[in-house]
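K.L.:
Questions regarding the structure given below will be posed in turn.
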Amino acid sequence: MQTIRARLTAWYSVALALTLAAFAAVLYVDRRSASYQDLDQRIQSEASLTAGILAESFRARGVLVGRDTAGSLVLIGDLAGLLEAVPDFLLITAHDGTLLFASSDARALTFQQVEQLRRLASDPASGRSTGTVRLGADGPKIHYAIHYVTDAGPQFGAILAGANVRSAELGPEQLLSTFALILPLGLVAALLMGTWIASHALAAVDQIITEVREITDGRSLHRRLAEPVVKDELGRLAETLNQMMMRLERSFAALRRFTADASHELKTPLTVLRAGVERAITTPNLPQDALAALEETLQEIKRMTELVDALLTLARADEGIAPLHREPVDLRGIVEEVQETGELLAEQAGVRMSVATPAEPIVVSVDASRIRQLILNLVTNAVKYTPAGGSVRMQLGPANGRVTLSVADTGIGIAAGDLPHIFDRFWRADSARTRTGERPGAGLGLAICKWIAEAHGGQIDVVSRPGRGTTFTVTLPRDPAAQS
Ligand code: ADP
């Protein structure tokens with residue numbers, strides 16, 4: 001149940017199933033008790049009707065009991081024929097308890113079952129005029145009413161009218177099975193409807209998610225969500241998110257402005273400092289230790305200047321005020337320029353350097369100085385992170401309508417866990433490695449490389465194995481229309 005949509009649908013279906021089940025249960029219980037009442041009334045009226053017939057016949061004829069061929073007392077023929085019309089079980093007993101009449105339904109019962117009913121009718125001690133009894137261990141369950149006959153002459157005992165309880169249960173049970181049939185259909189309908197309602201209700205949430213995702217990539221914080229006219233929950237959510245984004249945009253802008261201003265403000269004093277130290281170094285007859293101190297200071301100033309430049313570049317890029325001055329250039333020229341610097345660095349570090357460029361020109365519309373900065377950063381890193389004896393290889397070539405430039409080294413490599421972070425600002429692989437140590441740096445170089453590649457509509461990828469080396473590949477679109 002990963003989505004609210006699925007959960008809503010499930011809840012909706014469960015709620016509907018429970019409602020249907022509860023409704024069916026209530027209806028079943030109600031119908032069952034109504035059926036029992038009906039049954040009770042029916043047999044009561046059958047018993048009284050029979051008593052009425054007996055009383056009426058007694059008044060008209062006097063004698064209602066005769067003897068059959070076996071000599072037993074029985075109800076006279078035409079009266080018995082009349083009572084056959086009464087449905088269900090009907091038993092009439094004599095005052096001594098012997099059976100005078102049994103209806104056709106009753107005659108269909110076994111002898112023991114009829115005996116059981118007869119005993120009930122001839123047992124006035126029970127004192128009950130209605131009841132339910134099971135005939136035998138697994139015979140039918142009978143609901144009965146007993147009416148004692150008082151106004152049809154002295155021969156009569158009681159009338160027992162009874163009906164199978166099953167006839168009262170059949171209706172409600174049918175209802176239940178109908179429900180059992182309807183329930184799965186209802187559930188399917190609930191699932192479909194639930195899905196539809198949930199998707200309908202959550203479509204707006206989906207839209208908000210998509211829009212927020214697009215906005216929060218960091219560069220589109222100026223955009224806002226469309227706020228619905230109706231201020232329902234989603235309307236208020238969109239409004240709240242918009243307010244949040246406005247505050248975020250403001251603080252982001254303030255942060256960028258601060259970094260840009262601070263870097264900018266630092267540039268002039270650094271230039272003055274650098275000029276001062278450079279001038280001081282040239283002073284003749286300077287004591288050795290003073291000279292060393294000045295040289296160290298100059299190095300530090302150079303590093304700070306680089307850092308401030310990098311910060312300013314990134315702050316301007318973030319603010320969108322670092323325009324690219326694009327013009328068609330042959331990338332081979334830039335690679336060759338970088339090669340010169342790279343070879344100097346490589347020689348100092350005892351690293352071999354090789355370059356492979358295609359014979360035909362690779363002309364792309366780019367900001368030449370930015371692309372130079374990008375390649376130089378990669379080459380500097382490659383040399384910096386490759387121990388003496390290793391090699392660095394730069395390769396330029398066209399690929400599938402794009403241009404790729406790779407810088408591969410046989411250096412120390414980058415751990416797999418570090419790879420996702422290397423383009424982050426101020427990130428350096430080994431935190432123990434100091435800014436001024438064996439491999440100085442601030443951790444901004446790759447962040448700038450990434451920005452330059454992406455600003456040209458391209459991308460930068462890295463493949464690395466610790467101890468084996470690293471390859472950075474920059475891909476740039478060749479078609480000017482594809483460049484943003
Ligand atoms: P730095 O100034 O530290 O070189 P970068 O942004 O250029 O900053 O690089 C970030 C980190 O990525 C480096 O500190 C280093 O750990 C790792 N890295 C970059 N290039 C390489 C490479 N060619 N080989 C191994 N590690 C590298």
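K.L.:
Could you provide, to the nearest whole Å², the per residue accessible area of the stretch 327-482 with probe 1.4 Å? List each step's numbers first, then the result.
P.N.:
Numbers: 7390 Å² over 156 residues.
I get 47 Å² per residue for this part.
K.L.:
To continue, here is another question. With both bridge residues required to lie in the stretch 327-482, what share of the DSSP beta bridges run antiparallel, to the nearest 5%?
P.N.:
The antiparallel fraction comes to roughly 85 percent.
K.L.:
Send over the semi-axes of the chain's equivalent ellipsoid, whole angstrom and largest first, taken as the square roots of 5 times the C-alpha gyration tensor eigenvalues. Write down the numbers at each step before the final one.
P.N.:
Values: eigenvalues 2423, 110, 88 Å².
Taking √(5λ) for each Cα gyration eigenvalue gives 110, 23, 21 Å.
K.L.:
Follow-up question, since we're still on this one. Suppose R0 equals 45 Å. What FRET efficiency, 1/(1 + (r/R0)^6) with r the Cβ-Cβ distance, do A6 and N400 give to the nearest 0.05? Please report the intermediate quantities before stating the final value.
P.N.:
Working: r = 41 Å, r/R0 = 0.91.
Rounded to the nearest 0.05, the efficiency is 0.65.
K.L.:
Sticking with this one: Expressed in nm to one decimal, what extension gain is obtained for the pair A70 and R468 from 0.36 nm per residue of sequence separation less their Cα-Cα distance?
P.N.:
Length difference between fully extended and current span is 131.3 nm.
K.L.:
Just the accessible area per residue of the stretch 4-171, please: how many Å² with a 1.4 Å probe?
P.N.:
53 Å²
K.L.:
If you don't mind, another one. Stretch D461-R279 to full length: gain in nm at 0.36 nm per residue minus the Cα-Cα span?
P.N.:
The span from D461 to R279 would gain 61.2 nm if fully extended.
K.L.:
Give, in whole angstrom and from largest to smallest, the semi-axes √(5λ) of the equivalent ellipsoid of the stretch 198-344, with λ running over the eigenvalues of the Cα gyration tensor.
P.N.:
Output for the stretch 198-344: semi-axes of 52, 21, 11 Å.
K.L.:
By the gyration tensor of its Cα atoms, with a ≥ b ≥ c the square roots of the eigenvalues, what is the shape of the stretch 4-171: rounded for a/c under 1.5, prolate for a/b over b/c, or oblate?
P.N.:
Verdict is prolate for the stretch 4-171.
K.L.:
Turning to a different aspect of this structure: Counting Lys and Arg as +1 and Asp and Glu as -1, each charge on the Cβ, what is the dipole of the chain about the Cα centre in debye, to the nearest 20?
P.N.:
440 debye
K.L.:
Now for a separate question. For the stretch 112-167 and the stretch 380-401, compute the distance between their C-alpha centroids and round to whole Å.
P.N.:
The two parts, judged by their Cα centres, are 108 Å apart.
K.L.:
At a 1.4 Å probe, what is the % contribution of carbon and sulfur to the accessible area of the chain?
P.N.:
Carbon plus sulfur share of accessible area: 59 percent.
K.L.:
In square nanometres, what is the average projected area of the Cα convex hull of the stretch 32-98?
P.N.:
Working: hull surface 22.1 nm².
One quarter of the hull surface, i.e. the mean projection, equals 5.5 nm².
K.L.:
Still on this structure: What number of lysine-lysine pairs in the chain show an alpha-carbon separation below 25 angstrom, given a sequence spacing of 8 or more or placement on distinct chains?
P.N.:
5
K.L.:
Tell me, what is the per residue accessible area of the stretch 233-319 in Å², probe radius 1.4 Å?
P.N.:
Per residue, the stretch 233-319 has 65 Å² of solvent-accessible surface.
K.L.:
Taking 41 Å as R0, compute the FRET efficiency from the Cβ-Cβ separation of M304 and V363 and round it to 0.05.
P.N.:
0.65
K.L.:
With θ set to phi - 60° and the Karplus curve 6.51 cos²θ - 1.76 cosθ + 1.60, what are the ³J(HN,Hα) couplings of the stretch 320-331 in order, to the nearest whole Hz, using x for Gly and Pro?
P.N.:
Values, residue by residue: x, 10, 10, x, 9, 9, 7, 7, x, 9, 7, 4 Hz.
K.L.:
Report, by chain and number, residues whose modeled amide H sits under 5 Å from the one on Y148, excluding near sequence neighbours (fewer than 5 apart, same chain).
P.N.:
Distant-sequence amide H within range of Y148: I159.
K.L.:
Taking R0 as 60 Å, what FRET efficiency do you get between Y148 and A180 from their Cβ-Cβ distance, rounded to the nearest 0.05?
P.N.:
Plugging the Cβ-Cβ distance into 1/(1 + (r/R0)^6) gives 0.85.
K.L.:
In debye to the nearest 20, how big a dipole does the stretch 233-319 give about its Cα centre with +1 on each Lys and Arg Cβ and -1 on each Asp and Glu Cβ?
P.N.:
240 debye
K.L.:
If you don't mind, another one. Among S35, T19, L91, flag the residue with its Cα farthest along the positive direction of the charge dipole of the stretch 4-171, charges on Cβ as +1 for Lys/Arg and -1 for Asp/Glu.
P.N.:
The one lying farthest along the dipole's positive direction is T19.
K.L.:
Karplus couplings for the stretch 103-118 from phi (6.51 cos²θ - 1.76 cosθ + 1.60, θ = phi - 60°), rounded to Hz, Gly and Pro as x?
P.N.:
Working through the residues one at a time gives 5, 4, 4, 5, 5, 6, 7, 6, 4, 5, 5, 5, 4, 4, 5, 4 Hz.
K.L.:
Next question. Read phi for every residue in the stretch 464-469 and hand back ³J(HN,Hα) as whole Hz from Karplus 6.51 cos²θ - 1.76 cosθ + 1.60, θ = phi - 60°, with x for Gly and Pro.
P.N.:
8, 10, x, x, 9, x
K.L.:
Contour minus end-to-end for S104 and V212, with contour as 0.36 nm per residue of separation and end-to-end as the Cα-Cα distance?
P.N.:
Extra length from S104 to V212 when fully extended: 30.6 nm.
K.L.:
How large are Rg and Dmax for the stretch 293-366 when calculated on the C-alpha trace, in angstrom?
P.N.:
Rg, Dmax (Cα atoms, Å): 17.2, 50.
K.L.:
Still on this structure: Charges only on Cβ, +1 for Lys and Arg, -1 for Asp and Glu: so what's the dipole of the stretch 265-304 about the Cα centre, in debye to the nearest 20?
P.N.:
Its charge dipole is roughly 180 debye.
K.L.:
Is it possible to state the helix-based mean residue ellipticity at 222 nm for the chain, with each DSSP H run of 4+ residues giving -39500 (n - 2.57), the sum divided by total residues, to the nearest 500 deg cm²/dmol? What is it?
P.N.:
Per the formula, -19000 deg cm²/dmol.
The values are calculated or read from the model by the stated rules, or taken from the named source; none is laboratory data. Because the structure is predicted, anything quoted here is derived from the model rather than measured. Neighbour counts are summed over all protein chains in view; Cβ atoms, including those assigned to glycine, are modelled from backbone coordinates with ideal geometry. Surface areas here come from the heavy atoms of the whole protein model, side chains and all, with no ligands, DNA or RNA. Shrake-Rupley method; radii C 1.70, N 1.55, O 1.52, S 1.80 Å.
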